[in-house]
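Right, one structure below, let's go through it.
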Amino acid sequence: MHTDTTSQNLPKVNAKAEDFLPILGTDFVELYVGNAKQAAYYYQTAWGFQPVAYAGLETGKKDTTSYVLQQGKIRLVLTSPMGEGGNINRHISEHGDGVKFVSLWVDDATRSFEETVKRGAKPYAEPYTIEDEHGKAVISGIHTYGETIHLFIERKDYEGPFLPGYKAWTKVYKTETVGLKYIDHMVGNVGWNEMNKWVNFYADVMGFAQLLSFDDKDISTEYTALMSKVMSNGNGRIKFPINEPAEGKKKSQIEEYIDFYNGAGVQHIAVATDNIIETVSELQRRGVEFLNIPETYYDTVLDRVGEIDEDLAPLKELGILIDSDDEGYLLQIFTKPVLDRPTMFFEIIQRKGAQSFGKGNFKALFEAIEREQDLRGTL
């Protein structure tokens, strides 16, 4: 579980952030899925997430079933509806499986709600308290891009496995973890000319500041282009790149996402590891599929990024990308979509000082994505 108990203990690393909204970190990411039980098995078996908590018929919940999984500080909640009709079924029908709630761990969920709504956020849930024998938690929420919601979770008076209403989920079946530590960043895809609207939302409504910006000259291939800006809170625990499509000869991955997701949403979750070679080797062994990078990429990569600690051979064999900035370098790799629709995927990242997002890899990455789009007939 998280160890920091108040945001006041956390140093400010993004000096430009107004930071009126103290955030301790990501609390959990909740996906609406068609079959939570089987999705939980996938994330346990392939990704090494551990069973934490459960809510469903056995706990008195009649309308939904939810499984909570954790690895390091990463908490996933997988929720399915138990009957026909209703908003969750509609969400799954329109979007497929996907992220509904990006939940933020805060000192004060009431103040977080009041401060963001005062600055223009559309309310999703006014602050409410839930409690059980393990204590109480306060939750509130606001709307963001598409149907994505930010929940504010205040849990300082709660000692249970996840949240009130959930029971500990202890299973005989457990897998070994794969070394995932925390969520490094989460990327939102928004529609044409909407990036600056949502950049301004995170600046004005949530007190974030822009870390980096990429335009269509940075992020383009012969066929496709996109624009991206990275927003971060003051302590750097929360980083949200926002992508929008840009004009290209063919359909970009952002357009493909928006077409299949039917709107804006979370494109990928970047999860951190301290040993990307071990993590990716084990994920591949368990059947997780990654984008294929041409071997020629490795012919010149060290000329571009300089000296690295790792041997190049295993990075080349696994298809791991390398990039550098003024503060160091990073290693990263991207899965193929983890759902039937070409929407959500994961990034595995290991930072060796670098605070950037792999700008030098964009061309190789997007060409790899285009090869997959071509196979799907959506380029």
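Each value in this text was obtained by applying a stated rule to the coordinates, not by laboratory testing. Note that this is a predicted model, so its numbers are computed, not measured. Cβ sites come from the backbone with ideal geometry, for glycine too, and all protein chains shown count toward neighbours.
Key figures
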item: Exposure proxy ranking, count of Cβ atoms within 10 Å, fewest first, for 78, 379; result: 379, 78
item: Pairwise Lys count, segment 75-183 - Cα closer than 28 Å, eight or more residues apart or different chains; result: 21
item: Choice from 143, 95, 268 with maximal GNM fluctuation in the chain (Cα, 10 Å cutoff); result: 143
item: Segment 134-211, Rg to Rh (Cα coordinates; Rh as Kirkwood inverse mean 1/r); result: 1.08
item: Compactness of segment 180-376 - radius of gyration and Dmax, Cα, Å; result: 16.1, 46
item: 296, 177, 79 arranged by Cβ crowding within 10 Å, fewest neighbours leading; result: 296, 177, 79
item: Computed [θ] at 222 nm, deg cm²/dmol, the chain (DSSP H ≥ 4; -39,500 (n - 2.57); rounded to nearest 500); result: -7000 deg cm²/dmol
item: Span-like helix ranges in the chain, DSSP H, alpha carbon extent 20 angstrom or more, Kyte mean at least 0.0; result: none
item: Zero-based 10 Å bins, Cα pair distances in segment 307-379, whole percents; result: 18, 46, 28, 9
item: Per-selection Rg to Rh, segment 7-168 - Cα, Kirkwood hydrodynamic radius; result: 0.97
item: Two-site label geometry, residue 193 and residue 336: point separation in nm, points 7 Å out along Cα→Cβ; result: 3.7 nm
item: Mean projection area, nm², convex hull over Cα of the chain; result: 18.2 nm²
item: Residue-span extension gain [residue 94 to residue 311] - 0.36 nm each, minus C-alpha spacing; result: 73.6 nm
item: Additional length obtainable on full extension of the chain from residue 181 to residue 57, 0.36 nm per residue less Cα span; result: 41.5 nm
